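To start, the structure itself, in structure tokens.
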Amino acid sequence: MTEQEASDISLGGETVKAALGKFIMALIGFVGTIIFARWLGSDSLGGYYLLLTAAALSNRPVQGLAEAIQKRGSESGFELEQTLSVGTLVVIGWTALAALIAYALRGYLQSFFGFPGSVSAFVALLASLSGFFILQSQLVALGRISRNQWFDTVRSYLTFPAQLGFLILGWGAAGVAIGEVVATLLLYVPMYRSFGTGFARPTVETMRSLWEYAKYSIPNEYLTHTYSQLDMLLLGFLVGKSATGEYGVALRLTVPAAFVSMVATQGLFSRVSNLRSKGERVDIDVQNTLSFASIVAIPMLVGGVLLDEQLVVTAYSAEYKSAATLLVGLLVFQLLRTQSQVLDGVVAGLDRPNVKVKVNSVLLAVNVIVGVALTVAYGAIGVVIATVIAEAVRYGFLAWYVKQSIPSVSLFPRSMAEQAASAVGMGIVVYGLRQTLAIDSWLILGVVLGAGAVAYTGILFTLSESFRVTITGISETLYGEWRRWSPLSRS
């Protein structure tokens, strides 16, 4: 059993380090997408994305188990050695079953994916990612969200050259998949060594405890994945491929808004679970996380309102100009998501996966019914409106449940008002620059965005005492990490 638990780790410091890794990982992903699109062509690239989608759907049970491992492993006194053994056995068994089914259907799957070697690449990708998820769950159970994120970031930077290498060797789309497999496998040993536990024979009680959580987290994985893909499916069936492309472009521009809440939620989940298992209060950690979950989303929404067309056209060309009408709606969705995501993690940490299943079932039904109606009536913007409505419903349910469970927590901390005021001040600066400069290149757009970021940070630093305290604490944590690892500090 490990000596250090999730509540012993600085959540703020871990979140900042993990978010930095997330942004860096997104950069290499963006570059890779452009290169592979040009190299493979639309048909082979489409086949590769179909393979990724199939692998993502197939590993939902493993991801559901990984969430159960994170929950139980974060509880004080729980044996992580046993959860690692259970996870490993499930990955081996699930991969063997998937391989048998895939090779039995290899003729159909080969035609569906559309490129040679796709079935073997599918099985290899499913196996490698499933093992990676189990190792991640062990790390996050200990509160090590930054270490987990940086392993993922390193994996991305290993994946890119590996994929290029296989492409150069002529492996095509299968090589892109195998490149990810190789990079993922290279991280197994350092990840295993980093959390300091071995294997132990799981007891019946451990397996029963994991199953009590996993029987809800597994179906919840399918519900959330379906919800995340629903907009694309509706647009593809009801509007057409061009609308799907425009939606995808707008969505990619908004994803960074949720990076902070995404990584913070992982740490909060484990922290709430650990503190609750020891009978300690959790309201302060929940409130602190809610305070800063939207720190990027709020200014991005203001910037999107002012620069919607300039952002889309500069990034993707005038061909995607229509996507600008979707950008603001998706930024509203991301803002709601940054708060509901945190609340979702709190519910998981409170050991109520059944509540998550109920909420996500209602959410999916609302999104389907409202989405179909609005998409038929208004086209692509209709599906965005439906997504905003569905996310608002999700937030409402989760906020009500968390408030009932933790009455002392404030769902609207003062920090959020300070961030909103700072974003308005930033908006005045950006609006003035937009009126003065012709935003027709990456350079000018970068100047405007940079000025907006400086203005937002400066105003927030002036207005918010909690932001100043947080920045100071995080700076001390990061400096301590630098002193620990830098050879210059030991000279």
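The values are calculated or read from the model by the stated rules, or taken from the named source; none is laboratory data. Since the structure is predicted, the reported quantities are computational estimates derived from the model, not experimental observations. Cβ coordinates were reconstructed from backbone atoms using ideal geometry, including for glycine residues, and neighbour counts include every protein chain displayed. What goes into the accessible areas is simple: the full protein's heavy atoms, side chains included, and nothing from ligands, DNA or RNA. Shrake-Rupley method; radii C 1.70, N 1.55, O 1.52, S 1.80 Å.
At a glance:
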item	result
Complete set of residues in the range 435-453 that are assigned to a helix (DSSP H, G or I), open to solvent by less than 70 Å² (accessible area, probe 1.4 Å) and in contact (Cβ under 8 Å) with a residue 60 or more places away in the chain	L445, V448, G452, A453
Meets criteria (under 19 Å from the mean Cα position of the chain (by Cα) and either without any contact (Cβ under 8 Å) to a residue 12 or more places away in the chain or assigned to a helix (DSSP H, G or I) (or both)) for T244	no
Failed criterion for E221 (all others in (1) modelled with pLDDT under 80; (2) among the charged types (D, E, K, R); (3) under 24 Å from the mean Cα position of the chain (by Cα); (4) within 30 Å of A380 (Cα to Cα) hold)	(1)
Selection within the range 357-382 - in a helix (DSSP H, G or I) and not aliphatic (A, V, I, L, M)	K358, N360, S361, N367, G371, T375, Y378, G382
Only one of S408, S415, S361 that is open to solvent by less than 20 Å² (accessible area, probe 1.4 Å), touching a residue at least 40 places away in the same chain (Cβ under 8 Å) and either out of contact with any strand residue (DSSP E or B) (no Cβ under 8 Å at 6 or more places or on another chain) or closer than 23 Å to L233 by Cβ (or both)	S415
Residue tally, condition open to solvent by less than 10 Å² (accessible area, probe 1.4 Å) and either touching a strand residue (DSSP E or B) at 6+ places or on another chain (Cβ under 8 Å) or outside any helix (DSSP H, G or I) (or both), over the range 116-132	0
Qualifying position, being modelled with pLDDT of 90 or more and in the same structural domain as V430 (by the TED database), among Q310, Q341	Q341
Some residue of the range 278-294 being under 21 Å from M232 (Cα atoms) and either touching a helix residue (DSSP H, G or I) at 6+ places or on another chain (Cβ under 6 Å) or surrounded by 24 or more Cβ atoms within 10 Å (Cβ to Cβ) (or both)	no
Matching option when the condition is buried (at least 23 other Cβ atoms within 10 Å of the Cβ), in contact with a helix residue (DSSP H, G or I) (Cβ under 9 Å, 6 or more places away or on another chain) and of a type in the set (G, A, S), among A54, A99, A68	A68
Number of positions in the range 149-191 that are within 16 Å of A127 (Cα to Cα), touching a residue at least 60 places away in the same chain (Cβ under 8 Å) and of a type in the set (G, A, S)	1
Subset of the range 102-115 that is in a helix (DSSP H, G or I) and modelled with pLDDT under 90 - its residue that is surrounded by the most Cβ atoms within 10 Å (Cβ to Cβ)	F113
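Conditions tested, residue by residue: (1) farther than 17 Å from V140 by Cα; (2) charged (D, E, K, R).
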{"position": "P61", "(1), (2)": "yes, no"}
{"position": "L65", "(1), (2)": "no, no"}
{"position": "K71", "(1), (2)": "no, yes"}
{"position": "S85", "(1), (2)": "no, no"}
